[in-house]
Each structure stands twice: as C-alpha cells, then as structure tokens.
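Step one of this worksheet: look at the structure below.
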Amino acid sequence: MQQRGFLVISDITGYTAYLTGTEQLHAEEILQDLFRVLLEHTTPPLVVNKLEGDAILSYAPAVSFSEGQSLLESIENTYLKFRLLRENIHRHTSCECRACANIENLDPKFFVHYGDFSLLEIGNREELSGPNVILIHRLLKNELRMRAYGLYTAAAVEALGLQEYFDARMATHVEQYDHLGKVDCYVQDMSELWAAHQGHRRVYVDGSDPQASMPWKRLSRPRRARCGST
C-alpha cells in the first residue's frame, strides 16, 4: 500500500566502535539503556517499523502532525533525555573499564524526510519500501562532521510548515547521491540545544538556604559493578 508521509531514523553515533572496542558486557548494558530511551520516545503518531541494530526506523502518515513544531519538539526532547541518561550513567558509576569510561563517545542523531513510500506485507512483517526509504538511509552516510544533530530534508521542513523557522535558526546543507541526485537539508546542532538546556536548569542555592548544607542525593540508579567483579 502506497502512502505519503514522514520517515524518521534515530541513530546512535559511535555505536560500532564502542561495541567492538570496549568490554562487551558493560558496553551492551549501556547501549541497551541508551537505545531504550530512543525507542520509548518514538511515540505516536510515529510508528516504529524496524529496529536496525543501532537505529530505529519509523514513519507517520502525512496528516499526523497538525502542528509541525510537535515533531521537532519530540526529537529535541528525545535528544535531551538520551543526553541526561548518558551523563547520569557516566557520573554515577565507579567502574573504570573502557565501556564506562568511553560512554561520552555515544551521541544520538536524527534524520527526517518526507515523501511517498510503500508499506509491504512480507510474511507477518510490515516493510517500508521505495526511493525515499533508500534516501533516508543514504543520509546516514553524509559529509557532516558534528556528532549529535538533527538532519531534516527540505521536503520535510516544507511539509511541517516550518520553512521560516528553519531558515532563521538552522544551517543549510546539501548532499549528493548517485541515482537520487541533490538533497537539500537543514541541520540542527544538538550540542547547542544541550548548552541552552544546561543554562536553563542551573540551580543557585543561597548560603542561608537550609538545602545549602544538605548533601546531594544520588540517583536511584545503582552503580555498575566493576568489570570482572562478582
């Protein structure tokens, strides 16, 4: 069945190098926690189509977002949740293994495209198919050098009704692919989003405040055991 709508991929930067270059037990545990954040925040109207190792492919029909800003805010919120969990794991572990020490090498990136695609029933599975499905996967291999970002094709920005907003706030970018041609895009640097979030969440405690002499409470998340410990 052919339809028109949004295609979204959430992907973890550094996944392969991290998994193959660190202690497997802790690496898999950490990646599972971080991947779960991406999955739990891929919510309706987005429909999860496939888990692709370090990525999630989802889609939504064209009429799904009455306000285009809601998709942008959902992606921003997903990034912030991922980053907060990553920081908390790193801060509250006593383990010195490479998996725990190198967790900061993991970052999420997001790809959003809009166009026609087909939904094929293969066995008991639903598969996405079509040139636009190929295109969004090609976008994962791009010329960008930043680690955490959101990449929106011009077609997606237009469909979301956010042209003026993106023109004012996002950098433009162009990719070129064989058989697919030139792809005009907009890029959101997620490090800037994180910096803004950190600025808003700072808490200043006056010396006269009773809380100033109270120790910070650790998160309920238990510390990870050291690799090789029992």
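The values are calculated or read from the model by the stated rules, or taken from the named source; none is laboratory data. This one's a predicted model, so the numbers in the text were calculated from it and none came from an experiment. Don't worry about glycine lacking a Cβ; one is built from the backbone with ideal geometry, like all the others, and counts go over all protein chains shown.
If I filter the range 90-116 down to residues being at pLDDT below 85 and hydroxyl-bearing (Ser, Thr, Tyr), which single residue comes out as surrounded by the most Cβ atoms within 10 Å (Cβ to Cβ)?
THR93
Restricting attention to the range 58-77, does a residue exist that is of a type in the set (Gly, Ala, Ser), assigned to a strand (DSSP E or B) and touching a residue at least 12 places away in the same chain (Cβ under 8 Å)? Before the answer, list the steps.
Of all residues in the range 58-77, those of a type in the set (Gly, Ala, Ser) come to 58, 60, 62, 64, 66, 68, 70, 74.
Now narrow it down to the ones that are assigned to a strand (DSSP E or B): 58, 60.
Retained after the next criterion (residues that are touching a residue at least 12 places away in the same chain (Cβ under 8 Å)): 58, 60.
Yes, some residue in the range 58-77 is of a type in the set (Gly, Ala, Ser), assigned to a strand (DSSP E or B) and touching a residue at least 12 places away in the same chain (Cβ under 8 Å).
Criterion first (over 21 Å from the mean Cα position of the chain (by Cα) and at pLDDT 95 or above) does ASP167 satisfy it?
Numbers: over 21 Å from the mean Cα position of the chain (by Cα): yes; at pLDDT 95 or above: yes.
Yes, satisfied.
Give the residue, chosen from ALA27, ALA17, that is surrounded by fewer than 17 Cβ atoms within 10 Å (Cβ to Cβ) and assigned to a helix (DSSP H, G or I).
ALA17
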